[in-house]
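First comes the structure, then the notes that go with it.
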Amino acid sequence: MTPLRFAQTIVRAVARLVPRWQRRDWQREWDAELQHHTFDQHQPFGVVSRSTGALADAVYLRSQALQLDVLVHDAMLAWRNAVRRPAFTLLVVLTLALGIGVNSAVFALLDGVLLRPLPYRDPSRLVFVWHTLPSQNIFEVEATAWDYGDWRSLRAFSEMALVSGGAVTIGGDSEPPERVRISTVTASLMPMLGIAPAIGRGFTPAEDTTDAPGVVVLSDGLWRRRYGGDPAVLGRVIQVNNERRAIVGVMPRGAALPGPTGGDEELWASAHMSAAEWANERSHNFVILARLADGTSLSQASAEIEIRAARVAAERPSHRNVGVRVIPITEQTVKSARPTLLVVAGGVALLLLVASANASTLLLARAANRQHELAVRTALGATRSHLLSLAMMDCLVLALLGGLAGLALGSWALGVMVPLLGNTVPKSLAVGVDARVALFTAGITTLLGVLFGAIVAAHRPASVTASLKTTARTTGAATGGRLRRVLVVTQVALAVVLLSAAGLMLNSVVKLSHVNAGFDPRRLLTFRVALTTQNYAAAPSRVAFGADVLQRLEGSPGVRSAALVSAIPLGGTRGANGVEIEGRPPNPNETIIIDQRHISPNYFQTMAIPMVSGRPFTATDDSRAEPVTIVNRAMAERYWPNQNPIDRRVRVAAGYDSGVWFRIVGVIDNVRHISLSREAPMEMYRPFAQTAVGGFTLVIKADGEPSALGAAARTAVKAVDPNLPVYDMRTMEERISGSFAQTRGTMMLLLVTAVLAALLSGVAIYGSIWYSVSQRVPEIGVRLALGASRASIFLGVLRHAVVLTGIGSALGLAASLAAGRMLSSLLFQTAATDPGTHAVVIAGTMTLAVVAGLVPARRATRVDPMTALRNE
Amino acid sequence: MRMTLATTLVMQAIGAGHRHGFDIVEVTGYPTGTVYPALRRLERDGYLRSRWEAERAAARDGRPARRYYELTASGVKALEAAVDTLQQLDAARLRVKHAR
């Protein structure tokens, strides 16, 4: 052997001391040096002498890395343990994935909606400014264009913008006409929010007025869908309703207005308002957004604008009793979502606790089985810290697997949750699984891993010799039993809390679905049409269109009757107007504002809304006849209590027929127009033939399945005017079910969470009783040998399950009653303490306990006394 | 980190352009069992960094690639401080000698 080969052998032998992850580089370095070592003829063994230094080097590295190396080794061991018991690993991982997954999904929702700042420049300084009508308990009314001009002079706001939303028909290009959501905005809006078109330009101040031609900016979605993402679209002129508008820009993807009105606009239009429109102080159609001036607080701004509002209210009849309110955009955008999201978050957090308790039970059971092995390790010299490291690694590996599976599950669950929650998640907010969600998941995963490790490590054998002497079975019983029972009781208690919450929500949803909306929603198909093209500028043409379409629809097979209405109940729109009642002296402290509906004669018949008194409209109530109106019961009871309102007269304060007296010819029953959970507003109905509104919903009563009439409805409209788009087509039952989608979504999420928690608790009860029976086999054997009946053994085991569940249920019930107030804002006609719901939940949980206890109890009765005693 | 004479000399050698293990062993005269642990310690504490020589350059010289060490900015500072201390020690020793 040459000296070089000898030196290399030494290095290779010593390399084993070097930590594994450093070994390759270490050996490479030493090999390179040895191979190139210049030989000194006088010292042929110099290379060997130098190679001996490798030992000191390796020992140094090993001593440095000893701790890290042990951890890596333990992690490998933990991984092998996990793979060696696939069924156990799968059970723990699935349990954790369930808990972690839904929490990741709900965190993504919370983060996107409540935690993350809105995507605008300095969003904390942005506010909405609303009018209020305190005398009618209305605290959010759109402002007028005149107010916008007035408020801009206030020093409290550095910037202000005006927005109005709606729907328009676009066309005039090579594409078919289409109905799209539009936001009409002033030039100040985009700079104020800190958003700008991705291509092209925003609006100029001149374009706020009719001095400059009106222009539009496309949303990214409309640009891609309608124009194939063609940048040459800039400069093209399109028809927006009946106006020509040039396209000057395209917004970036995801750009949206804040607040309840924003989020789904496909077209942004310049304000393009005439001097008369800017001076209008009666049309409350505009949402006002503003930025607080530097150094101005919200309360200072509110105070300044309230002083101005009080002065205006005193000076101008149009603003009598009108107040103002300033709301930060963050609060406005997310306030309706907060209670729902917090309840759902609370629910899934409880599920995580249940899943963690369940996983702890499983890990403790396994640790009990491994105590003999741990005792052997201790006897062979393993230190306490090494045993702790082993336990931690075992749990961390399982938690990590659970976390990874949970992240995948959470991403899927989020996709399911967002549509379930309906409007809870504002459309302007992007919600998804991103780095923050992954970080959150990693955080709870690590926390759980460490927690489980600590629990398991806390139950290692107290005495090595005792553990070595006893069998694995008896050791486990002595150390983990009490903790396991505590965990089972905790799981049952948490499951009861969740089941109660879900039960209360279910109760609310059932009650909501049985609310009498005031009309018969069965077999009704509804869709909307807007007469916006030049052809319908004159009122008679609109009336003729309505009559023609209704006639065609009623002539279609399968249609029992057809009608039209300006705002369909639960359709998300309502129109209201100030009203004056003949003979009622004007009261400066009272502004009468009544919802206005414009209907065709057979609307009440089609909707099956009962007449209280008087008559419905007839075909003769047209523009040549006396202007007439029908009021609803709520209005009649408010303004003519114990009197007959028929033949009284009312008139509206604004609009084209303001000043004209309408004779009341009938009283109709109330309809829950806004939502099923809100009382009917006061309403006035007017004949369409006298008002000829340009946008309305058509309602068809079908003989059979209403959705089958969709094609016939489109054909009827197309036959009258092929250029009119038909949109928002839904059966009335779909509208009703959509109106409480948020409550139903919350209920569904809580119910799924509660059922999962209950199932996990059931498994925990089963596991705990089964385990306790296994431990007690010798004792049961002795009792049977001494003459105990099998029935008494059976009942004894079952009693154990019932007692554990009973304690858990009692604790859960107490917690539910204490926390009920959190849920009460989401409930409908259901008390948070509803005894029926709680009784059903407790009965269900106790049944679960009995079912979970049956199999172990039967096992206990089958113990053979002779075998049990012999094994002992 | 404790700056021994050996660590100071190893750093000085690297600063002077002797960049791989046996070269440093040659110029400092310390055994490999002293030089290598010193290199590990200096690298761990951020006074040195190491990189592998490009395979192509090593192949041109007909040898395997070496691990080269170089001083980091904090290594340069630490070396200056250590040399300074040694010089002060030397001056003090001379003063004591003359005083005798």
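Values as computed for the structure displayed
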read-out: Accessible surface of region B:5-94, 1.4 Å probe, proportion on carbon and sulfur as whole %; value: 53
read-out: Region A:624-681: trypsin sites (Lys or Arg not before Pro) in DSSP loop, at most 12 other beta carbons within 10 Å; value: A:Arg624, A:Arg678
read-out: Size-normalised alpha-carbon gyration radius of region A:156-258, reference 2.2 N^0.38 Å; value: 1.05
read-out: Spherically averaged projected area in nm², based on the convex hull that wraps the Cα atoms of region A:241-350; value: 12.0
read-out: Counted charge near A:Arg523, where neighbours are those whose Cβ lies closer than 10 Å (Asp, Glu -1; Lys, Arg +1); value: -1
read-out: Radius of gyration and Dmax over the Cα atoms of region A:104-180, both given in Å; value: 18.8, 51
read-out: Normalised alpha carbon radius of gyration of region A:385-458 [divisor 2.2 N^0.38 Å]; value: 1.46
read-out: Rg to Rh, two decimals, where region A:620-748 supplies the alpha carbon set and Rh follows Kirkwood; value: 1.03
read-out: Distance between region A:218-246 and region A:779-801 - C-alpha centres, whole angstrom; value: 81
read-out: Separation in nanometres of the label points that stand 7 Å from Cα toward Cβ, at A:Arg560 and A:Ala379; value: 8.5
read-out: Qualifying trypsin sites (Lys or Arg not before Pro) in region A:217-271, DSSP loop, other Cβ atoms within 10 Å at most 10; value: none
read-out: Within straight-line cross-link reach of B:Lys77, aspartates and glutamates at Cα separation under 14 Å, skipping those fewer than 8 residues along the same chain; value: B:Asp45
read-out: Under 27 Å between alpha carbons - lysine pairs in chain A that sit 8 or more apart or on different chains; value: 4
read-out: Cα gyration tensor shape for region A:676-794, rounded if a/c is under 1.5, else prolate or oblate; value: prolate
read-out: Over region B:5-94 - Rg/Rh using Cα atoms and the Kirkwood inverse-distance radius; value: 1.04
read-out: Taking only Cα atoms of region A:643-719, radius of gyration then Dmax in Å; value: 17.1, 47
read-out: By average C-beta atoms within 10 angstrom, highest first, the peptides A:810-818, A:753-761; value: A:753-761, A:810-818
read-out: Cα centroid separation, region A:519-591 to region A:815-863 (Å); value: 49
read-out: Cβ-defined net charge surrounding A:Tyr639, 10 Å radius [Lys, Arg +1; Asp, Glu -1]; value: +2
read-out: Top positive-direction residue, dipole computed over chain A with Cβ charges, set A:Gly812, A:Gly694, A:Tyr60; value: A:Tyr60
read-out: Ordering of A:566-574, A:680-688, A:539-547 by burial proxy (mean other Cβ atoms within 10 Å per residue, highest first); value: A:680-688, A:566-574, A:539-547
read-out: Simple spin-label estimate for A:Thr52 and A:Val755 in nanometres, 7 Å along Cα-Cβ; value: 7.6
read-out: Highest average packing first - B:19-26, A:316-323, Cβ atoms within 10 Å; value: B:19-26, A:316-323
read-out: Average beta-carbon neighbours from other chains, 10 Å sphere, peptide B:12-23; value: 2
read-out: Simple spin-label estimate for A:Gln35 and B:Arg56 in nanometres, 7 Å along Cα-Cβ; value: 1.9
read-out: Calculated diffusion of chain A, Stokes-Einstein form, Kirkwood radius summed over Cα pairs, 25 °C and 0.890 mPa s, µm²/s; value: 73
read-out: Rounded Å value of the spacing that divides the Cα centres of region A:186-202 and region A:298-325; value: 29
read-out: Placed amide H near A:Ile592: partners under 5 Å, 5+ positions off or other chain; value: A:Val579
read-out: Two-decimal Rg/Rh across region A:756-865, once Rg and the Kirkwood Rh are taken from alpha-carbon atoms; value: 1.15
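The values are calculated or read from the model by the stated rules, or taken from the named source; none is laboratory data. None of the values given here were measured: they were computed from a predicted structure. Please note: Cβ atoms are built from the backbone with ideal geometry, for glycine as well, and neighbour counts cover all protein chains shown. All accessible areas refer to the heavy atoms of the entire protein, side chains included, with ligands and DNA or RNA removed. Shrake-Rupley method; radii C 1.70, N 1.55, O 1.52, S 1.80 Å.
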